1. Got a sec? How would 39, 61 order by Cβ neighbour count within 10 Å, fewest to most?
2. For the residues 26, 72, 99, what sequence is obtained by ranking on other C-beta atoms within 10 Å, fewest first?
3. Please order 70, 116 by the number of other Cβ within 10 Å, starting at the fewest.
4. Under a Cβ-Cβ cut-off of 9 Å, what is the net charge of the residues other than residue 110 that fall near it, where Lys and Arg count +1 and Asp and Glu count -1?
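None of the figures in this text is laboratory data; all of them are computed from the coordinates on show. It should be emphasised that the depicted structure is a prediction, and the values quoted were computed from it without experimental measurement. As a convention, Cβ positions derive from the backbone with ideal geometry for all residues, glycine included, and neighbour counts pool all protein chains shown.
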Amino acid sequence: MSLAACSQQARVFPLDEASARDGLPTLTYTEFGLDHGPIKMTMPDGEIMTGEYQVTENAAIGMGFAGGHSATAVGYGSGRPVAVNAIGDRGTILNCDGTADIAGNGTLICQTSKGSHYRINVLSRLFDAPDLKNRPAEDSTPILGT
């Protein structure tokens, strides 16, 4: 069994004047379809941060009993919590929290240990390509220009 991976670059937006003045970092991540994977963030000063993102489920289970009958139901919320943690080659720490939908699209709010603040938007390309279901497994043509 093999898993397809798709490396992507997220959109990064500064949340304060100091972060905007310092310049924008670049963040790349790899989707494996397993709700966690590696990230790499290159800061404007050249520091390279590596770490992992983790997506968890937002689900609930309910059970009911009446006489000799029972019922079970599982419900899933639309926002799945996401956490990102990384450390740089110069010791800077990155922590992000946010949410993603079932397709993997989401928004994170991030802060570094040096005080920089960013909003990061991620768009999943595993689910938003209209021709994905019709592509043969061996087709290696980039999806949406990746």
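1. Fewest-to-most Cβ neighbours within 10 Å comes out as 61, 39.
2. 72, 26, 99
3. 70, 116
4. Surrounding charge for residue 110 is 0.
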